[in-house]
Structure formats: structure tokens, C-alpha cells
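Coordinate-derived values only; no laboratory data. Keep in mind it's a predicted model, so treat the numbers as computed, not measured. Because the Cβ atoms are built from the backbone with ideal geometry, glycine has one as well, and the counts that use them run over all protein chains shown.
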Amino acid sequence: MLKFLKTFHTSIWVVMAASNFLAFYFAYMGRFDGWFWVPALLLGFECVVIAANGWKCPITKVAEKYTDDRKPNFDIYLPEWLAKYNVKIFSVLIALEILIVLVKYLFM
């Protein structure tokens, strides 16, 4: 079950990371069409879910039932350093995206 959860969690992470970079790219390019809003709304949903779960992915809470391991990457197939700083890294990127959107949207 833990392998399934790690694979599922990693798959979701890949989709969310791709959404983050797509939203960042489209914001930087000033393309505020559907190609921007789909990943941006997905990111907004992710932020709400993560915040509502104490800044942890809800999959982490489920995976905790299947192991005593609590390394940062016990529940996902990512390098330990990336799993450890994942929320901080993407929080900075999302803040930059919001800043870019505000600047581009207000001054275009």
C-alpha cells in the first residue's frame, strides 16, 4: 500500500509542479487566457488543500498509517532534500507568480 501511495503522491506532485511552472511561464509571457487559468486554478486548489491540512499533503497523513519512517520523503519518490523543502520552494515560486501576474495584469 505504501508503494501505491508513494506512486500516487509522486504523480500528483508532478502534475502540480508542471502546473506551477506552466502558470509561471504564462504569467511571465502575459498570456492570461485559458492556458494560464487552468494551472493557476489548480494551484489555488492545491494551496487551499495544503493549508487546510496543516501545510501537509493529505496523502502524507494516510501514508503515516503504513510505516514508522518519517524522513521527509517517506511518502513520495523525491530526493530527501526536495521533499523536505518542497513547500518552501513552491511557496516562493507561487508568490513570484502572483507578483508577476499583478505587475503584468495591472501594467499591460
FRET E, pair PHE107, PHE8, Förster distance 30 Å, beta-carbon r, rounded to 0.05: 0.15
How big is the charge dipole of region 2-107 about its Cα centre, in debye rounded to the nearest 20, if each Lys and Arg gets +1 on its Cβ and each Asp and Glu gets -1 on its Cβ? 140
Where does the Debye-calculated log10 I(q)/I(0) of the chain sit at q = 0.15, 0.24 Å⁻¹, using only Cα point scatterers of equal weight, no solvent? -0.66, -1.31
Once the piece of chain linking VAL62 and ALA18 is laid out straight, how much longer is it, given 0.36 nm per residue of separation minus the C-alpha distance between them? 13.5 nm
Under 19 Å Cα to Cα from LYS56, which aspartates and glutamates show up? Leave out anything in the same chain fewer than 8 places away. GLU46, GLU64, ASP68, ASP69, ASP75, GLU80
Which of LEU43, ILE76, ILE98, positive extreme of dipole for the chain (C-beta unit charges): ILE76
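Residues with beta-carbon under 12 Å from that of ILE94, excluding ILE94: net charge, scoring Lys, Arg +1 and Asp, Glu -1? The partial results should precede the final answer.
Values: positive: LYS88; negative: GLU46, GLU97.
Summing Lys/Arg as +1 and Asp/Glu as -1 gives -1.
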Using the alpha-carbon centroid of each, what span in Å lies between region 1-22 and region 35-108? 11
